[in-house]
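A.B. asks: Below you will find the structure I want to go over with you.
The values are calculated or read from the model by the stated rules, or taken from the named source; none is laboratory data. Bear in mind the structure is a predicted one, so any value in this text is a computation, not a measurement. As a convention, Cβ positions derive from the backbone with ideal geometry for all residues, glycine included, and neighbour counts pool all protein chains shown. When the accessible area is computed, the model is the full protein with side chains, heavy atoms only, and any ligands, DNA or RNA have been set aside. Shrake-Rupley method; radii C 1.70, N 1.55, O 1.52, S 1.80 Å.
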Amino acid sequence: MWTLLIRLSGPMQSWGTQSRFGNRDTGREPSKSGVVGLLCAALGRTREKPIADVTALKMGVRVDREGSVGRDYQTTGGGNWRGGSYGVIGSDGKLGGTVLSDRYYLADADFLVGLMAMTDEQVTLLRELDRALAAPVWQLALGRKAFVPGVPPRLPDAAPLGPGLREGKLLDVLRAYPWQDARGNALDPRVRFVLDAEPGSTADVRADVPLSFVSTARRFTTRSVHIDYYGQSDEGGAND
């Protein structure tokens, strides 16, 4: 088995999974849809291209720095511009007035994300993704276009912080990686891990697995996740 590690760290991130209209949420760690979207941007895949090969990779997250939740209160439209009024086009196609929204985000969070390959074809995909992250086709974002990474998501080639592509199981590779965040600061004695689990094996279910990114037909399915806390010197674990 092989695992590709990527670093998602920045001043602001947002990983919404239940955003509706004026309330845009964020999860406390990267969503699978957000990570898949970032990887597709690196590959240069348009929204119409298949994504099943990327979503099939098993994902895990080591929360190196939890960050804090913040809220932006935003307004869109509702004023005069060049002698005319402007607003937001509604679902009926008509120009409406001001749209108000609460948009939540994570400030100063830092995550180590792992993607594990189970087959030879998936290992080939991991190599392709690693190359794409080195020279992404499109701008990479941490959940929203305005939230750019504070450090390159691709890990360096040189040890001990690199390479990103490593042989081993997902949890083992995440736990074996140097116990420090993107700034080189030592982690807390025990940190949170969130890993894909077998369907139905846990009560924690996330509706964040994308089936389609097509703008007019965005669809998602669910995944089960297992959450646990590990320290650098812990022996064994539920997901080993």
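A.B. asks: Quick check on my filter: what residues within region 200-219 are touching a strand residue (DSSP E or B) at 6+ places or on another chain (Cβ under 6 Å) and of a type in the set (S, T, N, Q)?
C.D. replies: Selection gives S201, T202, S212.
A.B. asks: Show me the strands (runs of 3 or more DSSP E) entirely contained within region 90-199 in which 3 or more residues are out of contact with any strand residue (DSSP E or B) (no Cβ under 6 Å at 6 or more places or on another chain), buried (at least 20 other Cβ atoms within 10 Å of the Cβ) and modelled with pLDDT of 95 or more. Write out each step before concluding.
C.D. replies: Working: elements: 99-117, 165-167, 190-197.
Strands (runs of 3 or more DSSP E) meeting the threshold: none at all.
A.B. asks: N23 is checked against (1) at pLDDT below 95; (2) crowded, with 23+ Cβ neighbours inside 10 Å and fails just one. What number does that condition carry?
C.D. replies: That leaves (2) as the condition not met.
A.B. asks: Now, a different point. Tally the residues that are more than 22 Å from A176 (Cα to Cα), at pLDDT 95 or above and open to solvent by less than 50 Å² (accessible area, probe 1.4 Å), restricting the search to region 53-80.
C.D. replies: Number of matching residues: 2.
A.B. asks: Something else: Output the residues belonging to region 155-201 that are touching a residue at least 12 places away in the same chain (Cβ under 8 Å) and on the phi > 0 side of the Ramachandran plot.
C.D. replies: G168, G200
A.B. asks: Given the structure, is V225 touching a residue at least 60 places away in the same chain (Cβ under 8 Å), aliphatic (A, V, I, L, M) and within 24 Å of Y105 (Cβ to Cβ)?
C.D. replies: Considered against the rule, which asks whether it is touching a residue at least 60 places away in the same chain (Cβ under 8 Å), aliphatic (A, V, I, L, M) and within 24 Å of Y105 (Cβ to Cβ), V225 comes out as no.
A.B. asks: With respect to F220, is the statement that it is open to solvent by 20 Å² or more (accessible area, probe 1.4 Å) and not in a loop (DSSP other than H, G, I, E, B) true?
C.D. replies: yes
A.B. asks: State all residues of region 223-240 that are open to solvent by less than 60 Å² (accessible area, probe 1.4 Å) and at pLDDT 90 or above; if no residue qualifies, say none.
C.D. replies: R223, S224, V225, H226, D228, Y230, G231
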